[in-house]
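Peer 1: Please find one structure pasted underneath; my questions will follow.
The values are calculated or read from the model by the stated rules, or taken from the named source; none is laboratory data. The model shown is predicted, which means the values in this text are computed figures rather than measured ones. In this analysis, Cβ positions are derived from the backbone assuming ideal geometry, glycine residues included, and neighbour counts consider all displayed protein chains. SASA here: full protein model, heavy atoms, side chains in, ligands and nucleic acids out. Shrake-Rupley method; radii C 1.70, N 1.55, O 1.52, S 1.80 Å.
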Amino acid sequence: MDKREITRLTSSLVKIPSVNPPGKEKEVADFIVETLEKLGIQHKIISKDPKRPIVIAEIRGKSAPNRTLIFNGHTDVVPVSGQWEYEPFSGIVKDGKIFGRGASDMKGGLACMINALHIIQEFVDYLSGRLVFSAVPDEETGGIFGTAHLINEGIKGNFAIIGEPTELKVCTAHKGNLNFELTTFGREAHASLPDLGVNAIYKMADAIKELLNYSNSLSTKMHPQLGIPTINVGKIEGGTKSNIVPGMCKIVGERRFLPQEDVKYIKEELSMIFENLAKKDKYFSYDLKFLTAVEASEVDPSNNNVKLLLQCVVDVTKNKALVAGFPATCDAYYFNKSGTPTVIFGPGSLKHAHGVNEYVEINELEIATKIYVLFALRFLSGEGVDGSMQAEPTPV
């Protein structure tokens, strides 16, 4: 394995600004296709939107493909904000790290998986299954144009790995995410006569206070890998000028939830919070909208293929490997829901994702690639496969 090639590939991917929203993933998808062609790896493109293609590659063993492994990663990155030390899409390499938006989430993981394909194809004579790699758009805004569409096209397998940044921990569960928008309405008036109006920002302050109380109540719920659910208000806007009593205020928030929680019940909980406020305060007028929702999911940590992946981590790193939880939302939900047991495992850290000076460590890229290769070779030669989870191979 050539560490320089993984570094070059990661840096090249980071240099392509595949920002979502608005959803500019085509250029990076074209680059991945070009790379696969150079490596001589069979591939195709499918799409729900031609401007947001899904790249699918396959390596098929010489023997009958009686088992299928899926590698999956997303090509989109979140928008840039804040003051960066380096240009956000420079892909600069410094001090053993690659910097840039998406370096950790998850251009590094994509580079590792592509590099793993390059290595694994040298062993096709010894494999009795197939490896399917999918590079998808739209993960950052719900996955409808990406993995959800991939699943609808019939892609399934016996096991899947999502290459999100997990600090090389094997994550068998992830949280779901419900986004909501709350608007409070007031009555505008001259600021010198505030009693003639109703301050929508003050009403929103009451609503946020109730959300904080609700947040504290969530500590009674617990998941062994994910901990407690959370709620966050991430955006607020309202008012026109300081001398006008504001007539409107709006927040956008999200509720991160556990696999055992029901998103329908969560919606009812949030609705009741604001309905109760309206009952207590005749001037509390509001509108609540639920936006995108991606549910939580998990796979049994005792799954034989989870155990096999953990053993691969031990064999490569020489360190103890433990099952962990992925606190964010990701595309594993779509695979698990469709019957493909899926874990999250990759280089990088959520601590560096979505923030300024995002980076991934080159050493982690090398280790992740080795683990992807080792697991794929063992899986596709029949080691540790859970026979109860066999699936019919789907032509690509």
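Peer 1: Among 306, 343, which is part of a strand (DSSP E or B) and either in contact with a helix residue (DSSP H, G or I) (Cβ under 8 Å, 6 or more places away or on another chain) or surrounded by 19 or more Cβ atoms within 10 Å (Cβ to Cβ) (or both)? Spell out how you get there, then give the answer.
Peer 2: Details: 306 fails: part of a strand (DSSP E or B).
Exactly one residue qualifies, and that residue is 343.
Peer 1: Still on this structure, please answer the following. Among the residues of segment 271-282, is any surrounded by 20 or more Cβ atoms within 10 Å (Cβ to Cβ), of a type outside the set (Lys, Arg) and out of contact with any Gly (no Cβ under 7 Å at 6 or more places or on another chain)? Reasoning before the result, please.
Peer 2: Applying the first criterion (surrounded by 20 or more Cβ atoms within 10 Å (Cβ to Cβ)) to segment 271-282 yields none.
Checked segment 271-282: no residue is surrounded by 20 or more Cβ atoms within 10 Å (Cβ to Cβ), of a type outside the set (Lys, Arg) and out of contact with any Gly (no Cβ under 7 Å at 6 or more places or on another chain).
Peer 1: Here's a follow-up. Filter segment 136-169 down to the residues that are under 30 Å from residue 320 (Cα atoms) and either within 15 Å of the chain's Cα centre (by Cα) or open to solvent by 10 Å² or more (accessible area, probe 1.4 Å) (or both) and list them by number.
Peer 2: Applying the first criterion (under 30 Å from residue 320 (Cα atoms)) to segment 136-169 yields 157-169.
The answer is 160, 161, 162, 163, 164, 165, 166, 167, 168, 169.
Peer 1: Take the conditions of a type outside the set (Phe, Trp, Tyr) and either closer than 25 Å to residue 325 by Cα or open to solvent by 10 Å² or more (accessible area, probe 1.4 Å) (or both) and apply them to residue 100. Does it pass? Give the steps one after another, and end with the answer.
Peer 2: On the way: of a type outside the set (Phe, Trp, Tyr): yes; either closer than 25 Å to residue 325 by Cα or open to solvent by 10 Å² or more (accessible area, probe 1.4 Å) (or both): no.
Against the criterion (of a type outside the set (Phe, Trp, Tyr) and either closer than 25 Å to residue 325 by Cα or open to solvent by 10 Å² or more (accessible area, probe 1.4 Å) (or both)), residue 100 does not qualify.
Peer 1: Sticking with this one: Could you go through segment 192-201 and let me know if any residue there is more than 30 Å from residue 67 (Cβ to Cβ), open to solvent by less than 30 Å² (accessible area, probe 1.4 Å) and touching a Lys or Arg at 6+ places or on another chain (Cβ under 7 Å).
Peer 2: Yes, segment 192-201 contains a residue that is more than 30 Å from residue 67 (Cβ to Cβ), open to solvent by less than 30 Å² (accessible area, probe 1.4 Å) and touching a Lys or Arg at 6+ places or on another chain (Cβ under 7 Å).
Peer 1: Going by the conditions given, is residue 254 closer than 22 Å to residue 216 by Cα, surrounded by 15 or more Cβ atoms within 10 Å (Cβ to Cβ) and among the acidic types (Asp, Glu)?
Peer 2: Details: closer than 22 Å to residue 216 by Cα: yes; surrounded by 15 or more Cβ atoms within 10 Å (Cβ to Cβ): yes; among the acidic types (Asp, Glu): yes.
It is true that residue 254 is closer than 22 Å to residue 216 by Cα, surrounded by 15 or more Cβ atoms within 10 Å (Cβ to Cβ) and among the acidic types (Asp, Glu).
Peer 1: Go through segment 116-135 and give me each residue that's among the polar types (S, T, N, Q) and open to solvent by 10 Å² or more (accessible area, probe 1.4 Å).
Peer 2: Taking segment 116-135 and keeping what is among the polar types (S, T, N, Q), we get 121, 128, 134.
121, 128, listed by residue number.
Peer 1: Let me ask something additional. Out of (1) closer than 30 Å to residue 163 by Cα; (2) in contact with a helix residue (DSSP H, G or I) (Cβ under 9 Å, 6 or more places away or on another chain), the odd one out for residue 285 is which?
Peer 2: All conditions pass for residue 285, except number (1).
Peer 1: Also: Do we have residue 315 as of a type outside the set (Lys, Arg), surrounded by fewer than 14 Cβ atoms within 10 Å (Cβ to Cβ) and on the phi < 0 side of the Ramachandran plot here?
Peer 2: Values: of a type outside the set (Lys, Arg): yes; surrounded by fewer than 14 Cβ atoms within 10 Å (Cβ to Cβ): no; on the phi < 0 side of the Ramachandran plot: yes.
For residue 315, the condition - of a type outside the set (Lys, Arg), surrounded by fewer than 14 Cβ atoms within 10 Å (Cβ to Cβ) and on the phi < 0 side of the Ramachandran plot - is not met.
Peer 1: While we're looking at this one, here's another question. Here are some conditions: (1) under 17 Å from residue 359 (Cα atoms); (2) part of a strand (DSSP E or B). Residue 44 meets all but one. Which one does it not meet?
Peer 2: Tallying (1) under 17 Å from residue 359 (Cα atoms); (2) part of a strand (DSSP E or B), residue 44 fails exactly one: (1).
Peer 1: Just to be sure I understand, how many residues within segment 1-23 are outside any helix (DSSP H, G or I), among the small types (Gly, Ala, Ser) and surrounded by fewer than 17 Cβ atoms within 10 Å (Cβ to Cβ)?
Peer 2: First, pick out the residues of segment 1-23 that are outside any helix (DSSP H, G or I): 1-2, 15-23.
Filter once more, so that each one left must be among the small types (Gly, Ala, Ser): 18, 23.
Now narrow it down to the ones that are surrounded by fewer than 17 Cβ atoms within 10 Å (Cβ to Cβ): none.
Final tally of qualifying residues: 0.
Peer 1: Output the number of residues of segment 24-37 satisfying the condition of being at pLDDT 95 or above and either in a loop (DSSP other than H, G, I, E, B) or under 12 Å from residue 117 (Cβ atoms) (or both). Outline the logic, then answer.
Peer 2: Of the residues in segment 24-37, the ones at pLDDT 95 or above are 25-37.
Now narrow it down to the ones that are either in a loop (DSSP other than H, G, I, E, B) or under 12 Å from residue 117 (Cβ atoms) (or both): 25, 32, 35-36.
Here the count works out to 4.
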